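The values are calculated or read from the model by the stated rules, or taken from the named source; none is laboratory data. A quick note: this is a predicted structure, and the numbers were derived from the prediction, not measured. We place every Cβ from the backbone using ideal geometry, glycine too, and count neighbours over all the protein chains shown. Side chains included, ligands, DNA and RNA excluded: accessible areas come from the protein's heavy atoms. Shrake-Rupley method; radii C 1.70, N 1.55, O 1.52, S 1.80 Å.
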Amino acid sequence: MEYTICYYSDGVEEEILALPDTLAARYIVLTRRMVSLGPNLGEPHTEAFGGGLFELRLRGQEGIARVFFCTLAGRRIVMLHSFIKKTQRTPPREIRIAEARMKEVKHANS
């Protein structure tokens, strides 16, 4: 049984699809793999942040991007937040946004 990918909001989906070309292409390749194999693609593609929060790691000619996601019952993967990475460390603000959205999604689905 395959997984399904959904988005926290239409805005999140638009942000992800508006990533620079090589990053958007990498996103499509990796999410297709997630649909068939599941959300844990292992490093360097995915990484666990703890508490049920994960990141999809995108690297392309235009730079590096991250897409935070969580999983829900019923083989659903929810894309929560994306950003273009400009520093070595993930900014705490970006993590807080993703964590708040994950709590909201999980609370709504409990």
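Accessible area, 1.4 Å probe, largest first: how do Ile84, Ile77 sort?
Heavy-atom accessible area, descending, gives Ile84, Ile77.
Using a 1.4 angstrom probe with every protein chain in place, what is the largest-first accessible-area order of Arg89, Arg26?
Accessible-area ranking of Arg89, Arg26, largest first: Arg89, Arg26.
Mind ranking Leu72, Leu30 by accessible surface for me, highest first, 1.4 Å probe?
In descending accessible area the options line up as Leu72, Leu30.
Given only helices, namely DSSP H runs of n ≥ 4 each adding -39500 (n - 2.57), what is the per-residue ellipticity at 222 nm of the chain, to the nearest 500 deg cm²/dmol?
Only helices count here, giving -12500 deg cm²/dmol.
For the range 41-103, what's the radius of gyration and Dmax over Cα atoms, in angstrom?
Radius of gyration, then largest Cα-Cα span, for the range 41-103: 11.6, 35 Å.
Once the Cβ-Cβ distance between Lys103 and Val35 is put in as r, and R0 is 35 Å, what FRET efficiency do you end up with, to the nearest 0.05?
E between Lys103 and Val35, to the nearest 0.05, is 0.90.
Mind running the shape call on the range 1-65? Use the C-alpha gyration tensor, a ≥ b ≥ c as the square roots of the eigenvalues: rounded below 1.5 for a/c, prolate if a/b tops b/c, oblate otherwise. Before the final figure, lay out each step's value.
Details: a/c = 1.43, a/b = 1.24, b/c = 1.16.
The shape class here is rounded.
For Cα Rg over 2.2 N^0.38 Å, pick the label among [x] 1.06; [y] 0.99; [z] 1.29 that corresponds to the value derived from the coordinates.
Among [x] 1.06; [y] 0.99; [z] 1.29, the one derived from this structure is [y].
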